[in-house]
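Input: a single structure, listed below in C-alpha cells.
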Amino acid sequence: MTSEPEQQWGVGTRDAFQRLWTPHRMAYIQGENKPSGPGADDGCPFCSIPAKSDEDGLIVRRGELVYAVLNLYPYTGGHLMAVPYRHIADYTELTDAETAELAELTKQAMTALRTASGAHGFNIGMNQGAVAGAGIAAHLHQHVVPRWGGDTNFMPVVGHTKVLPQLLGDTRKMLAEAWPTPTA
C-alpha cells in the first residue's frame, strides 16, 4: 500500500520532500567553538581539548607531540584529525619530530579506520589559512576522512545532507579500541 507524500507545512515552501534535520551543523555555521583570535589563549579548541578526558574531548589517541581527535562536525563517520599539541598555524612551523609523529598518527588512523569500519579509501589533507578553507586557521590540523565505495549517495549530492549512523562517543570508543599498537 503506497500513499501520497505528506505535504510539509511551516517549513518554508510547500513541497513533497521529507526532511532530515541536522541542527548540530548550525552550531558550526554560526561559529561555535571557533577561537576569538589567533592566539592559543583566544579560545582555541585544539589547545583546550587535551586537558579533557579522552571521552569528553573525543580524543582517540594521544601521542607525545600530536594527538588524534574526532571532528566535532564530521564529513563522514570516523572523520578525525591529527593535531599537534603546540599552537602553530603553518605546516612549515612543525619540528621534524612533530612532522614525523603527525605522519605516524595519520598512518595509525588509517589502520584503525580500516579495522573498525572497513574504510575503502581516505581523503587526507589540511587547509592552510582561512582563505584555503581552514575552519580554525590558527592551529594546524590534518583531516583523515574515511571513504567507502558508494558513500556518495543521493543524500549529500541531492539532499546536501550527511547521514552519520553513529554517535561520536561510540565512534571514539570503537576507534580507540581498534588503534594499532605502535611498533618501536
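What distance in nm separates the two pseudo spin-label positions at THR92 and ALA178, each 7 Å out from Cα along the beta-carbon direction?
Label at THR92, label at ALA178, 3.7 nm between them.
What FRET efficiency do you get for SER36 and THR111 if R0 is 30 Å and r is their Cβ-Cβ distance, rounded to the nearest 0.05?
Values: r = 37 Å, r/R0 = 1.22.
Between SER36 and THR111 the formula returns 0.25.
Students sometimes get this wrong: rank ILE49, ILE124 by accessible area, probe 1.4 Å, all chains present, largest first.
On the way: ILE49 25, ILE124 80 Å².
I get ILE124, ILE49, largest accessible area first.
With a 1.4 Å probe and every protein chain left in place, tell me how much accessible area TYR73 has, in Å² to the nearest 10.
Approximately 30 Å² of TYR73 is accessible to the 1.4 Å probe.
How high is the FRET efficiency between ALA100 and SER53 when r is their beta carbon distance and R₀ equals 22 Å, given to the nearest 0.05?
Details: r = 27 Å, r/R0 = 1.22.
E between ALA100 and SER53, to the nearest 0.05, is 0.25.
The values are calculated or read from the model by the stated rules, or taken from the named source; none is laboratory data. Note that the coordinates shown come from a computational prediction; the quantities given were computed from them, not determined experimentally. FYI the Cβ positions are ideal-geometry reconstructions off the backbone, even for glycines, and counts take in every protein chain you see. Surface accessibility is based on the protein's heavy atoms, side chains included, excluding ligands, DNA and RNA. Shrake-Rupley method; radii C 1.70, N 1.55, O 1.52, S 1.80 Å.
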